[in-house]
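The values are calculated or read from the model by the stated rules, or taken from the named source; none is laboratory data. In this text, all values refer to a predicted model and were calculated from it rather than measured experimentally. Positions of Cβ are backbone-derived with ideal geometry, glycine not excepted, and every protein chain shown enters the neighbour counts. Accessible surface areas use protein heavy atoms only, side chains included; no ligands, DNA or RNA. Shrake-Rupley method; radii C 1.70, N 1.55, O 1.52, S 1.80 Å.
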Amino acid sequence: MKFSGKNVLVTGASRGIGAEIARVLAGYGLKVWINYKSSAEAADRLKDEIESNGGEAAVIGFDVSDEKAFVEAIKTIIDCDGELSYLVNNAGITKDKLAIRMSVADFEEVIRANLTSAFIGCKEALKVMSKKRFGSVVNISSIVAESGNAGQVNYSASKGAMLSMTKSFALEGAARGIRFNAITPGFIATDMTDKLKDEIKEEYISKIPLKRFGEPKEVAEAVAFLLSDHSSYITGETIKVNGGMYM
Ligand code: NAP
């Protein structure tokens, strides 16, 4: 995979899909900034693992929903590397409940963690990437942005808005040479889906044409493609990585 840029910030990279995105991108030769919120030890272990495989990585802990902290983190990266070439807005949470039991606080907490955080990241990336007139951003949305899901009114709203926000950023970034794309993963085997009861997992698997949950690496490779030079004429697009569950 060919990359003209040299570094990437992956939010929520201490575990799950984000950690695998960090591994894959480091394997393609990018310096990876590993963000986490609370799992500092896991982030440090990932850095060591990447370095022991010959890659380059740095750890940068901050809460993506904290604008000041996000802006400060990007400043740290620029001070250190002179640029930010790529950003993956991956950090995300769920707080599932049926809508009639969901408080406004439950709704807003998920919107802030998943959507407002990505807005902050896209906005700051657009500013700093504009100086080099180069960059690519990938937002990790979800299949439920497209299909909806009972019990996830807050989460699906955050991920759905992320898709339309990605298109608007793509329009604003295009003249500056900066691309914005999104991925909508289906059910991927991570801590997030491990919380589901076995019977719910079985029910979802029965609805997936490929008859299994996806692996984080299968999402990570699609992210790498969208960041890389190989997708240089693709912007404002969404790639589904869902085993055919929603076409
Ligand atoms: P996960 O295993 O629960 O990991 C979540 C990651 O996000 C962790 O690294 C966590 O950091 C980080 N994070 C959460 N809130 C944060 C915050 N405020 N600031 C910084 N980091 C924060 O989740 P996952 O399954 O890998 O999901 C990754 C992304 O893919 C999410 O956006 C999720 O919505 C999306 N997605 C997942 C699936 C799936 O089936 N797994 C499907 C569709 C979309 P700490 O470890 O420090 O808490």
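Of all residues in region 101-132 being of a type in the set (Ser, Thr, Tyr) and surrounded by 14 or more Cβ atoms within 10 Å (Cβ to Cβ), which is farthest from the ligand (Cβ to nearest atom)? Walk me through it before giving the result.
Let us first name the residues in region 101-132 that are of a type in the set (Ser, Thr, Tyr), namely 103, 116-117, 130.
Then keep just the ones that are surrounded by 14 or more Cβ atoms within 10 Å (Cβ to Cβ); that gives 116-117, 130.
Numbers: THR116: 10, SER117: 6, SER130: 24 Å.
By that ranking, first place goes to SER130.
Would you mind stating whether GLY54 is open to solvent by 50 Å² or more (accessible area, probe 1.4 Å) and assigned to a loop (DSSP other than H, G, I, E, B)?
Numbers: open to solvent by 50 Å² or more (accessible area, probe 1.4 Å): yes; assigned to a loop (DSSP other than H, G, I, E, B): yes.
For GLY54, the condition - open to solvent by 50 Å² or more (accessible area, probe 1.4 Å) and assigned to a loop (DSSP other than H, G, I, E, B) - is met.
Need the failing condition index for VAL8 against (1) within 13 Å of the ligand (Cβ to nearest atom); (2) part of a strand (DSSP E or B); (3) of a type in the set (A, V, I, L, M, F, W, C), just the number.
If we test VAL8 against (1) within 13 Å of the ligand (Cβ to nearest atom); (2) part of a strand (DSSP E or B); (3) of a type in the set (A, V, I, L, M, F, W, C), just (1) comes out false.
So GLY244 passes all but one of these: (1) over 15 Å from ASN139 (Cα atoms); (2) open to solvent by 40 Å² or more (accessible area, probe 1.4 Å); (3) in contact (Cβ under 8 Å) with a residue 12 or more places away in the chain. Which condition number does it fail?
(2)
Any chance you could count how many residues in region 214-237 are β-branched (Val, Ile, Thr) and either modelled with pLDDT under 95 or within 12 Å of the ligand (Cβ to nearest atom) (or both)? Working first, answer last.
Looking only at region 214-237, we keep the residues that are β-branched (Val, Ile, Thr), and these are 219, 223, 234-235.
Add one more test, that the residue is either modelled with pLDDT under 95 or within 12 Å of the ligand (Cβ to nearest atom) (or both), and what stays is 219, 223.
So the count comes out to 2.
Kindly list the number of the only condition in (1) more than 10 Å from the ligand (Cβ to nearest atom); (2) of a type outside the set (D, E, K, R); (3) touching a strand residue (DSSP E or B) at 6+ places or on another chain (Cβ under 9 Å) that fails for ASN139.
Only one criterion in (1) more than 10 Å from the ligand (Cβ to nearest atom); (2) of a type outside the set (D, E, K, R); (3) touching a strand residue (DSSP E or B) at 6+ places or on another chain (Cβ under 9 Å) is unmet by ASN139, namely (1).
So which of GLY148, GLY135 is of a type in the set (Gly, Ala, Ser), over 13 Å from the mean Cα position of the chain (by Cα), over 16 Å from ILE183 (Cβ atoms) and open to solvent by 30 Å² or more (accessible area, probe 1.4 Å)?
Numbers: GLY135 fails: open to solvent by 30 Å² or more (accessible area, probe 1.4 Å).
Only one candidate passes the filter, namely GLY148.
Could you list, in sequence order, the residues of region 60-100 that are without any contact (Cβ under 8 Å) to a residue 24 or more places away in the chain, within 16 Å of the ligand (Cβ to nearest atom) and part of a helix (DSSP H, G or I)?
Hits for region 60-100 are LYS68, ALA69, GLU72, THR76.
Checking VAL71 against (1) under 18 Å from the mean Cα position of the chain (by Cα); (2) among the β-branched types (Val, Ile, Thr); (3) crowded, with 18+ Cβ neighbours inside 10 Å, which test does it fail?
Unmet for VAL71, out of (1) under 18 Å from the mean Cα position of the chain (by Cα); (2) among the β-branched types (Val, Ile, Thr); (3) crowded, with 18+ Cβ neighbours inside 10 Å: (3).
Which of the residues that make up region 145-160 are within 14 Å of the ligand (Cβ to nearest atom), farther than 17 Å from ALA118 by Cα and not small (Gly, Ala, Ser)?
GLU146, ASN149, GLN152, listed by residue number.
Could you please find all residues in region 16-25 being in contact with a Leu (Cβ under 9 Å, 6 or more places away or on another chain) and either near the ligand (Cβ under 6 Å from one of its atoms) or open to solvent by less than 30 Å² (accessible area, probe 1.4 Å) (or both)? Reasoning before the result, please.
So in region 16-25, the residues in contact with a Leu (Cβ under 9 Å, 6 or more places away or on another chain) come out as 19, 22-23, 25.
Correct list: ALA19, ALA22, LEU25.
Of all residues in region 153-196, which are open to solvent by 20 Å² or more (accessible area, probe 1.4 Å), of a type in the set (S, T, N, Q) and not in a helix (DSSP H, G or I)?
Hit for region 153-196 is THR190, nothing else.
Quickly run through region 26-45 and pick out the residues that are near the ligand (Cβ under 10 Å from one of its atoms) and open to solvent by less than 10 Å² (accessible area, probe 1.4 Å).
Within region 26-45, ILE34, ASN35, ALA43 meet the criteria.
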